Every structure is written in structure tokens, then in C-alpha cells.
Amino acid sequence: MSAPASPGGPDPFTQHVLRRLTIPAHEKRFWDDLQRALASVPGPRPDRTQERPLPGVAVPGDARDDARALVPLAMRQRGNLVIVALVVLALVVVLAAVRLLGAERSAGAGPSVTIPAATTPVGPARIVPGEARLGVAFTPQPGEIRSAGVAAFLA
Amino acid sequence: MPIRMNPGSAPLPESELIGLAQAGDGDAFATVLRHHDPRMRTVAYRILVDRYRMAAVLHAAYVEAFARIGSFRAGGDFGSWLYRIVYNTCIEGLATPAPTPLHRTQGSMGKISTASEAVGGALVALRLDERVAVVLVDGEGFEREVAEQILGMSPATLDEHLRSARAALGQALRSGDS
């Protein structure tokens with residue numbers, strides 16, 4: 001008899017030992033009691049996948065109303081319709097505001113920004129909103145960077 | 001495999017009986033249960049080692065299964081589905097005190113071999129996690145990885161439980177045979 005020391009998988013000796021355990025049969029009344037209990041169960045719980053859809057919500061593939069079939073499923077409930085209307089309204093407001101701002105800028109009525117003289121070697125510059133581009137306001141000439149650095153060091 | 005609902009009736013496929021059970025037919029469900037009961041009794045008794053507790057647990061598990069039969073998918077393995085319910089109910093049953101001690105249950109089981117008494121005594125003496133581990137791997141033939149998942153044990157812990165349970169059962173059989 002081998003010692004069951006290495007638990008690599010089912011152990012044949014232990015399987016044999018467990019089979020020696022006598023499994024008792026049910027008492028006669030077990031099945032009668034069970035059938036009475038089953039009869040008193042209110043009924044199998046319904047399968048959730050077979051629940052009826054909410055009123056007013058069409059299930060996919062519902063072709064009873066062709067016009068309704070064109071409306072996305074998420075929009076066929078009143079609650080969803082209100083949310084969609086609010087989102088559309090918010091988008092309209094944002095678009096109107098953006099368009100108004102753009103019109104003001106193209107008319108040149110916006111506030112100008114004055115850059116202090118110390119930041120540019122050629123004096124104060126006016127940058128009109130909408131025209132500012134990196135590298136356009138200041139193009140250093142050869143020698144300017146070095147001289148600016150020396151001036152900063154001496155100061 | 002076709003199952004006969006009554007001795008004189010024509011056998012019906014299990015899927016058809018399950019369909020009847022899903023429509024609320026308790027007799028059809030009991031017929032299917034009778035077919036699977038031997039395997040369920042085996043695992044329940046090996047885990048619980050008490051015939052009254054086994055009967056109580058199986059009764060509760062079968063009623064629970066009937067209440068949940070609507071969630072069973074057609075074409076699935078009903079035996080495995082039922083097994084999971086029975087196993088879980090057994091584990092819950094282990095948390096409650098035994099209605100009767102082992103030595104009192106054996107008087108009504110008919111003739112019990114000395115070896116069976118010895119194995120039953122050894123199973124009862126095991127720690128619960130050792131007992132369930134050895135029943136699942138050696139008794140039910142589950143793959144080790146599956147048993148680790150069911151028991152929530154690391155491979156090393158499962159090894160340790162199996163080693164001590166196997167040693168105790170081997171010793172029990174040797175003393176029962178002698």
C-alpha cells in the first residue's frame with residue numbers, strides 16, 4: 001500500500017477508501033415530503049430574459065409600427081425623450097454663443113492686449129485677438145539673442 | 001436519456017421534463033430529481049457524514065432548485081446545475097449544528113460495514129476544509145484547479161489539506177480492515 005504523500009491529482013487509494021463509505025438511501029417519506037413541498041412552492045421564478053417589456057417600449061425587431069421602428073429604441077420612452085430634448089437645447093445655446101463670439105472677433109471689436117516693452121526689442125506691440133501666432137510677433141535677428149543675454153547679465 | 005415519470009408511462013426526454021417543470025409541474029421535476037439523486041446523495045453524505053442532515057440539505061436544495069428552474073437554460077447540463085445548488089446548500093448546512101450525531105444515525109441505516117464506519121468516523125474527524133477538499137478531488141474527481149477555485153484555496157493550501165486528509169483516511173481504513 002503506497003502512502004498518499006504526493007497530492008498531484010486524484011489519489012486512487014483515497015478514492016477506494018471513500019467508496020467504502022456506505023451512502024444511505026432516503027427514507028420512504030423523503031419523496032412524499034419533497035413532492036408536497038414542491039407543490040407548495042408558489043411557482044418557478046420567472047426567467048428574467050422572458051420578462052414582458054415595459055408598455056410603450058418596443059422590443060428589437062418589433063415591426064408593428066414602421067414609423068416607430070425608425071425611432072431609436074432609447075428615444076421611445078418619455079423619460080429619455082426629455083433628456084434628449086434638454087441635451088439638444090444645450091447644444092443650440094452653446095453653438096449660438098460660439099457663433100456670436102466669432103462674429104465679434106471678425107469685426108475687430110474685441111479687447112486688445114498690450115505686451116510690455118521689456119518683452120520685445122522693438123517696443124510695445126498690439127496684438128489683435130485672432131491674429132496672435134507663435135513666431136510672428138517676434139523674429140530674432142542674428143546677434144540679438146546674445147546681446148539681450150549680456151544686457152540681462154550686466155543688469 | 002429518456003426518463004419514465006411513472007412505472008406505466010412512456011419515457012420522456014429529460015429536456016421535456018425540465019420544460020414541464022419550468023411550466024410549474026412539480027411531479028415532472030421530482031422525476032428528474034430521482035434520476036440525479038444518487039450522485040447528489042453521494043456528495044452530500046460525504047461532505048455532511050450524517051444521513052438526517054443529508055436528507056434535510058437535499059430537501060432544501062431540491063426545493064430551491066425548483067424555485068430557480070426558470071433560470072436553467074435549455075440545452076444546459078442539468079446535472080451540473082443541480083450539483084452546484086446541492087454543493088452550496090451542503091456548505092451552508094455545515095455551518096449549522098448537526099441534528100443528530102453520527103453514531104445515532106447509523107442505527108437506522110441497516111447493516112453498515114466496519115470499514116464504512118471507520119471511513120465515516122475519519123471524515124467526521126477531519127477539519128471541514130480538509131474534508132471538503134478530499135471529497136471534491138478524490139471523491140468527486142474534480143480537477144485540482146477547479147477545486148482550488150471552488151474552495152478559494154491556494155495550490156499549497158489544497159496540497160496540505162489533501163495530504164493530511166488522505167493520511168487520516170488511509171489510517172482509518174487500515175484500522176477498519178484489521
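So if R0 is 41 Å, what FRET efficiency would B:Asp129 and B:Ser71 give, r being the distance between their Cβ atoms, rounded to the nearest 0.05? Don't jump to the answer; show the numbers that get you there.
Details: r = 29 Å, r/R0 = 0.71.
Efficiency, from the Cβ-Cβ distance: 0.90.
Report the A-B buried area as the accessible area lost on both sides summed, probe 1.4 Å, in Å² to the nearest 100. Write out the running numbers ahead of the final one.
Details: alone 14440 and 9870 Å², together 20420 Å².
Summing both sides, the interface buries roughly 3900 Å².
Counting only C-alpha contacts under 8 Å and six or more residues apart, can you give the relative contact order of the range B:9-97 as a whole percent? Numbers along the way, then the final one.
On the way: 59 pairs, mean separation 26.6, N = 89.
Worked out over the range B:9-97, it gives 30 percent.
Kindly provide the trypsin sites (Lys or Arg not before Pro) of the range B:112-144 that DSSP labels as loop, not H, G, I, E or B, and whose Cβ sees at most 15 other Cβ atoms within 10 Å.
Working: sites: B:Arg127, B:Arg131, B:Arg144; in loops: B:Arg127.
Listed in order of number, the matching sites are B:Arg127.
What average number of partner chain Cβ atoms lie no more than 10 Å from the Cβ of the residues making up B:116-122? Don't skip to the end; give the middle numbers.
Values: counts 6, 3, 3, 6, 3, 0, 2.
Other-chain Cβ atoms within 10 Å of each residue's Cβ, averaged: 3.
Averaged across B:15-22, how many Cβ atoms of other chains sit within 10 Å of each residue's Cβ atom?
Numbers: counts 0, 0, 0, 0, 0, 0, 2, 4.
That average works out to 1.
Report the FRET efficiency, 1/(1 + (r/R0)^6), for B:Ser164 and B:Ser15, where r is their Cβ-Cβ distance and R0 is 56 Å, rounded to 0.05.
Values: r = 43 Å, r/R0 = 0.77.
With a Förster radius of 56 Å, E is 0.85.
Amide H neighbours of B:Ile3 under 5 Å, at least 5 residues apart or on other chains, H built in the peptide plane: list them.
Those qualifying (amide H under 5 Å, at least 5 residues apart or on another chain) are B:Leu12, B:Glu14.
Mind running the shape call on chain B? Use the C-alpha gyration tensor, a ≥ b ≥ c as the square roots of the eigenvalues: rounded below 1.5 for a/c, prolate if a/b tops b/c, oblate otherwise. Kindly include the intermediate steps, with their values, before the conclusion.
Numbers: a/c = 2.23, a/b = 1.60, b/c = 1.40.
Here chain B falls in the prolate category.
The values are calculated or read from the model by the stated rules, or taken from the named source; none is laboratory data. All of these numbers come straight from a predicted model, not from anything done at the bench. Please note: Cβ atoms are built from the backbone with ideal geometry, for glycine as well, and neighbour counts cover all protein chains shown. With ligands, DNA and RNA removed, areas are computed over all heavy atoms of the protein, side chains included. Shrake-Rupley method; radii C 1.70, N 1.55, O 1.52, S 1.80 Å.
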